[in-house]
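Okay, structure first, notes after.
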Amino acid sequence: MALLRSGLVLFVSVTLMAALTLGALLVSTGNIGGWRLDTSSDWSFLFQLSIVTLPTSILLVVLAWRGRRQPLTDGVALMTCIAILACLVVYFWWSLYPPHSGHGYAILVWIYAGIGLAALVPAYLISYLALCRTPLLRGLAPPAKAKGAA
């Protein structure tokens, strides 16, 4: 139960931190609608970020359950792989069913991947480092080294 709670706390914190980072980035550059694939919803960029953070949190819970407790390196690697995989799926989907008659979606997909990782990886690192000393991530974080006589 502690692992599931830790994974949920990490998922929510990383998703919200990444959404705030990406929103600040888009507002500061004046490109408020540039990230959205679905412009009918104001929540679409939060949904897109959670597509990456939810599988990352689930995989970290599974790895911690199996005994591997290195969420800092595993989380960044998993997040990067999932983001690139999601962008490849979107690219292949667009190549099969193009939304418009134009071409050149490959560079657009990799720009989205770069922008997403620029928001997701720092948000993950900040969230994990801020929460690893609290009991909220007790299940995922490695056990603290005991201080005492050797």
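Based on this model, can you work out whether Ala144 counts as modelled with pLDDT under 75, of a type in the set (Gly, Ala, Ser) and open to solvent by 90 Å² or more (accessible area, probe 1.4 Å)? Here the answer is yes, as Ala144 does meet what is asked. Going by the conditions given, is Arg68 open to solvent by 50 Å² or more (accessible area, probe 1.4 Å), modelled with pLDDT of 85 or more and assigned to a loop (DSSP other than H, G, I, E, B)? So Arg68 fits the description; yes.
The values are calculated or read from the model by the stated rules, or taken from the named source; none is laboratory data. Note that the coordinates shown come from a computational prediction; the quantities given were computed from them, not determined experimentally. With ligands, DNA and RNA removed, areas are computed over all heavy atoms of the protein, side chains included. Shrake-Rupley method; radii C 1.70, N 1.55, O 1.52, S 1.80 Å.
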